[in-house]
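Visitor: The structure under discussion is supplied below as structure tokens; questions concerning it will follow.
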Amino acid sequence: MTRVNQNKPDQLHIRSKANGDRTIDVITLKQSATVYKAGTVVVAEYTGASGSQVATGLYIDPASAVDVTTYDKIKVAVLNDRVDATAGSHAAVAITRAAEVYGQWISLKDLATGEKAVVAAALDAAGIVVR
């Protein structure tokens with residue numbers, strides 16, 4: 001018998017969100033070697049040395065891209081759906097504020113301890129509660 005593995009359904013990680021479109025925004029994901037999964041916690045990318053960091057306008061997966069503990073400021077989002085950005089930067093719908101998400105269904109557990117603390121604090125500051 002052939003085993004079939006299926007991707008996690010989109011938006012399974014959302015417990016509750018604010019009315020209308022208050023919770024979600026369209027963001028731009030940076031090109032990635034792998035497909036971004038639903039529930040991936042992404043952070044805004046910055047360039048420059050500490051104290052003079054400039055936002056690139058792109059979001060990246062902190063588990064595979066950079067050490068977010070070096071960032072002066074952290075802006076986070078949780079992806080609503082699976083997004084294939086392997087061919088280039090791609091638009092995505094993401095939770096950016098005022099929501100509750102299930103901790104077991106987001107990618108926060110994939111981060112190193114120091115990064116997890118920084119990203120968890122940024123989620124809390126944005127009003128995204130992890131249950």
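Visitor: Among (1) of a type in the set (Val, Ile, Thr); (2) under 22 Å from ILE24 (Cβ atoms); (3) without any contact (Cβ under 8 Å) to a residue 40 or more places away in the chain; (4) assigned to a loop (DSSP other than H, G, I, E, B), there is one condition VAL66 misses while meeting the rest; what is its number?
Guide: (2)
Visitor: Yes or no: the stretch 107-122 includes at least one residue that is under 20 Å from ARG22 (Cα atoms) and in a loop (DSSP other than H, G, I, E, B).
Guide: Looking only at the stretch 107-122, we keep the residues that are under 20 Å from ARG22 (Cα atoms), and these are 122.
So of that shortlist, the ones also in a loop (DSSP other than H, G, I, E, B) come out as none.
No, there is no match, as no residue in the stretch 107-122 is under 20 Å from ARG22 (Cα atoms) and in a loop (DSSP other than H, G, I, E, B).
Visitor: With the requirement that a residue be part of a loop (DSSP other than H, G, I, E, B) and of a type outside the set (Ser, Thr, Tyr), what does the stretch 79-106 give you?
Guide: We begin by selecting, within the stretch 79-106, every residue part of a loop (DSSP other than H, G, I, E, B); these are 80-82, 84-89, 96-98, 102, 106.
Hits for the stretch 79-106 are ASN80, ASP81, ARG82, ASP84, ALA85, ALA87, GLY88, ARG97, ALA98, ILE106.
Per-residue answers, yes or no, for (1) in contact with a Gly (Cβ under 9 Å, 6 or more places away or on another chain); (2) at pLDDT 90 or above:
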position	(1), (2)
LYS8	yes, no
LYS17	no, no
ASP21	no, no
VAL26	no, yes
SER32	no, yes
VAL43	no, yes
GLY48	no, no
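Visitor: Can you tell which of SER52, SER32 is polar (S, T, N, Q), more than 12 Å from the chain's Cα centre (by Cα), surrounded by 15 or more Cβ atoms within 10 Å (Cβ to Cβ) and part of a loop (DSSP other than H, G, I, E, B)?
Guide: Working: SER52 fails: surrounded by 15 or more Cβ atoms within 10 Å (Cβ to Cβ).
Checking each option against the conditions leaves just SER32.
Visitor: Another question about this same structure. I want to confirm something. Restricting to the stretch 35-49 and keeping residues that are farther than 13 Å from VAL76 by Cα and free of Cβ contacts under 8 Å to residues at least 24 places away in the same chain, which single residue is nearest to the chain's Cα centre (by Cα)?
Guide: Among them, the one singled out is THR47.
Visitor: So which of ALA77, ALA87 is crowded, with 19+ Cβ neighbours inside 10 Å, in contact (Cβ under 8 Å) with a residue 24 or more places away in the chain, among the small types (Gly, Ala, Ser) and out of contact with any Cys (no Cβ under 9 Å at 6 or more places or on another chain)? Steps first, please.
Guide: Details: ALA87 fails: crowded, with 19+ Cβ neighbours inside 10 Å.
Going through ALA77, ALA87 in turn, the sole match is ALA77.
The values are calculated or read from the model by the stated rules, or taken from the named source; none is laboratory data. Worth saying up front: this structure is predicted, and the values here are computed from it rather than measured. Ideal geometry is used to build each Cβ from the backbone, glycine not excepted, and the neighbour counts take in all protein chains shown.
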